[in-house]
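One structure is given here, and the rest of the page talks about it.
A short reminder: the numbers here are calculations on the coordinates, not readings from a lab. All of these numbers come straight from a predicted model, not from anything done at the bench. Using ideal geometry, Cβ is built from the backbone for each residue, glycine included, and neighbour counts are taken over all protein chains shown.
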Amino acid sequence: MDRFLTPSSTQQFELIIKRSRFITSVGHVAGQVAARQFIEQCRTEMPDASHHCWAMVAGPPDDIYLQDQNDDGEPKGTAGKPILNVVQHSGLGNIVVVVTRYFGGIKLGAGGLVRAYSQSASQALLALTTRETFVRQCVQVELAYGLLDSLEHWLAGTDILIEERKFDTSVHLALMVPLGDMTVLQEKLAVLGGGEIIAE
């Protein structure tokens, strides 16, 4: 997999189930740190809510090491896991889903909670606007100052991102390269630098 869909922006959806309000906040995140910051932001914005249950796929959809979930005080397995299950089946990546519950006075039971959290996440993802993103690999490039303008001009017409620039006796760039563009980049660097551009 070299590309996948991700939320285009932060979006929020609401559902009422047996007088409980379920507010689903969906965000685009690049990594687990950003996902946890998003979760804390939801807590800050709705501090009086009963629960903030969440799930994240904080990288490509098939990266199990960047997936996590939490029930936030609901009975074990009734909230975070159902939300994560919905996200996993959606095929979306770089995503965090927080379902905030305001208790309405009627207990839903374990089965009812699983259905409520699943439904909240499902309806939010159905209404979600998305954009395509790429699985990227970091490539470190070292080149002479005189080649920088030509390389930056070429990069502007690609999906390759310049993550970082450092300047000393030569220019050092950290490029985030879509997996499908690795060969094209290597060929361009060879032509542009005549073998004098170092890429690793």
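Just a few scattered comments:
- Rel. contact order, % - alpha carbon contacts under 8 angstrom, at least six apart, the range 135-199: 45 percent
- Full extension of the chain between Gln88 and Lys166 yields a length gain of 24.3 nm, computed as 0.36 nm times the residue separation minus the alpha carbon distance.
- Backbone geometry of the range 62-74 corresponds, through the Karplus equation with coefficients 6.51, -1.76 and 1.60 at θ = phi - 60°, to 3J(HN,Hα) couplings of 9, 8, 5, 6, 10, 10, 7, 7, 8, 7, 6, x, 6 Hz, x marking Gly and Pro.
- Among Arg21, Arg131, Arg165, residue whose mean-square fluctuation peaks in a GNM of the chain (springs only between Cα atoms under 10 Å): Arg165
- Dividing the mean sequence gap of close Cα pairs (under 8 Å, 6+ apart) by how many residues the range 3-132 holds gives a relative contact order of 37 percent.
- Among beta bridges that DSSP assigns inside the chain, antiparallel share in %, nearest 5: 100 percent
- Cβ-based charge dipole, the chain, positive-most Cα from Trp54, Val139, Ser9: Trp54
- Per-residue [θ]222 nm for the chain (sum of -39500 (n - 2.57) over DSSP H runs n ≥ 4, rounded to 500): -10000 deg cm²/dmol
- The lysine pair tally for the chain, using Cα distances under 21 Å and a gap of 8 or more places or different chains, is 5.
- Label-point separation in nm, Cys138 to Glu14, each point 7 Å along Cα→Cβ: 4.2 nm
- Scalar couplings 3J(HN,Hα) for the range 14-22, obtained by applying the Karplus form with A = 6.51, B = -1.76, C = 1.60 to θ = phi - 60°, are 10, 9, 10, 10, 6, 6, 8, 8, 10 Hz; x denotes Gly and Pro.
- Under 5 Å between amide hydrogens, built in the peptide plane, is the criterion, and for Arg21 it picks out Tyr102, Gly104 among residues at least 5 positions away or on other chains.
- Most fluctuating residue given options Pro60, Pro82, Pro178, as computed from a GNM of the chain linking Cα atoms under 10 Å: Pro178
- Cα shape, the chain, gyration tensor, a/c 1.5 rule: prolate
- Global geometry of the range 43-86, whether rounded, prolate or oblate, following the gyration tensor of its Cα atoms and the 1.5 cut on a/c: oblate
- Backbone amide hydrogens, once placed in the peptide plane, bring Ser8 within less than 5 Å of Thr129, Thr130, Arg131, excluding anything fewer than 5 places away on its chain.
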